[in-house]
Amino acid sequence: FVIERKVFKKYDGPNIEILKIPDGVTTIDKFSLRYSNLKGCKKIIFPKSLKKIRDYALNYDYGDCKKLAELEFMGDIDSIGIDAFDYGDAKKGIRKLIFHGKVGEIKEGAFRHARVNELIFPAGVDSIGERAFMNCDELERICAPSLKKIEANAFENCQRLEIVDIPQTTIIDEYAFKRCNNLKKDGLAIINGILFS
């Protein structure tokens, strides 16, 4: 592991199936996972100490990381950066996201193209940014207690999405669920009293 001042910079060790980021790391740096030796990695476990994942940590082609299917976050996270885990190809994206702690904000495009079928935040999440889960073709259910805000196009084109369990007080941008056809009945969907066409 290459770690500087609690910031994870790179993994240069042997090829492994499960990468467990060491406890004490508070930040995952830009591109740090993308250029790590993760050719056979199927799962990454992030420690309780982690607070921030910077923009583009593991985005687009994931470098040589073609088998990665699962991310597990052990503690509370303040922010997950722009395009942090955007695969760019819905046929190969992340299949499972496990959050044990609270999440502050998930920024623009963070998990775009993920292949998760459910999105559960047991300890809550504050905000989900623009296009954060756009084109997540297999997403069927969202459970996000304490969610305060969903920004534009956050769940656009999530064709299988049927259940959205969020607080009545959540602020939802009018385009947050654009082209989520399974949410609609007679061409319309209503979430927290807001009508989506």
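Some points to look at:
- Options SER127, SER146; residue that is open to solvent by 10 Å² or more (accessible area, probe 1.4 Å), under 27 Å from LYS48 (Cα atoms) and assigned to a loop (DSSP other than H, G, I, E, B): SER146
- Subset of segment 20-43 (residues that are of a type in the set (A, V, I, L, M, F, W, C) and at pLDDT 95 or above): ILE21, VAL25, ILE28
- The residues in segment 1-15 that are at pLDDT 95 or above and either β-branched (Val, Ile, Thr) or farther than 15 Å from LYS52 by Cα (or both) can be counted, and the count is 2.
- Elements of type strands (runs of 3 or more DSSP E) contained in segment 4-84, each with 1 or more residues being open to solvent by 30 Å² or more (accessible area, probe 1.4 Å) and within 21 Å of ARG115 (Cβ to Cβ): 18-20, 43-46, 70-73
- Members of segment 86-110 found to be in a loop (DSSP other than H, G, I, E, B), open to solvent by less than 10 Å² (accessible area, probe 1.4 Å), modelled with pLDDT of 90 or more and touching a strand residue (DSSP E or B) at 6+ places or on another chain (Cβ under 7 Å), listed by number: GLY101, ALA110
The values are calculated or read from the model by the stated rules, or taken from the named source; none is laboratory data. What you are looking at is a predicted structure, and each value in this text was computed from that prediction instead of being measured. Positions of Cβ are backbone-derived with ideal geometry, glycine not excepted, and every protein chain shown enters the neighbour counts. Please note that ligands, DNA and RNA were not included when accessible areas were found on the heavy atoms of the full protein model with its side chains. Shrake-Rupley method; radii C 1.70, N 1.55, O 1.52, S 1.80 Å.
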